[in-house]
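Quick notes on the structure that follows.
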Amino acid sequence: MTINPILTRNLEMLTGTDEGTLRYAQGRGRESMGSATYQDALCSGANFYYDGTNGEIKWFGNYQEVPQYWKKFHRGTLQIAWMKESIKIVKLLCLDEITMTSNRLAGLKEPNTEAIRMLEQTVEAFNQVKKK
């Protein structure tokens, strides 16, 4: 079975520790913890930039800290629940009005269906791996 290279790259962006990955951004304490909960677990938001044509995640971080180069890509947010023994991505925000307005203001068109599907597959795969 061949694994999609974009899915592989996206999972690396969620689990890796290099600059620009989710864990790097969270480790710096820059992502926002909120009052939202999921099954009694506190949630945080993780902002990211992705390719609107294929769904490849390019960079995690807040706008003011993201290198200028990555700001030409679409923005999205993951809502992450911090469970006792693991973490779970509980919401993918790419097509909500706030995110879409932000992308339009940046001069970007709507992401295509393939890109959103890849991001959804990434979230599903991440949550499956974290269950084990």
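Each value in this text was obtained by applying a stated rule to the coordinates, not by laboratory testing. What you see is a predicted model, and the numbers here were worked out from it, not measured in a lab. Don't worry about glycine lacking a Cβ; one is built from the backbone with ideal geometry, like all the others, and counts go over all protein chains shown.
Tabulated data
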{"item": "Helix-derived mean residue ellipticity, 222 nm - over the chain, DSSP H n ≥ 4, -39500 (n - 2.57), to 500", "result": "-10500 deg cm²/dmol"}
{"item": "Sequence of Tyr38, Tyr49 once ranked by neighbouring C-beta atoms within 10 Å, starting from the fewest", "result": "Tyr38, Tyr49"}
{"item": "Förster-model FRET efficiency, 41 Å R0, Ser86 and Leu108, C-beta, rounded to 0.05", "result": "0.80"}
{"item": "Listed residues Phe73, Phe60, Phe48, most fluctuating in the chain (Gaussian network, C-alpha, under 10 Å)", "result": "Phe73"}
{"item": "Net dipole in debye of the chain [+1 Lys, Arg Cβ; -1 Asp, Glu Cβ; about Cα centre; nearest 20]", "result": "120 debye"}
{"item": "Relative contact order %, the chain, counting alpha carbon pairs below 8 Å whose residues are six or more apart", "result": "23 percent"}
{"item": "R0 of 30 Å, Cβ-Cβ distance Gln68-Asp18: FRET efficiency to nearest 0.05", "result": "0.95"}
{"item": "Descending semi-axes in Å of region 1-124, equivalent ellipsoid built from Cα gyration tensor", "result": "21, 17, 15"}
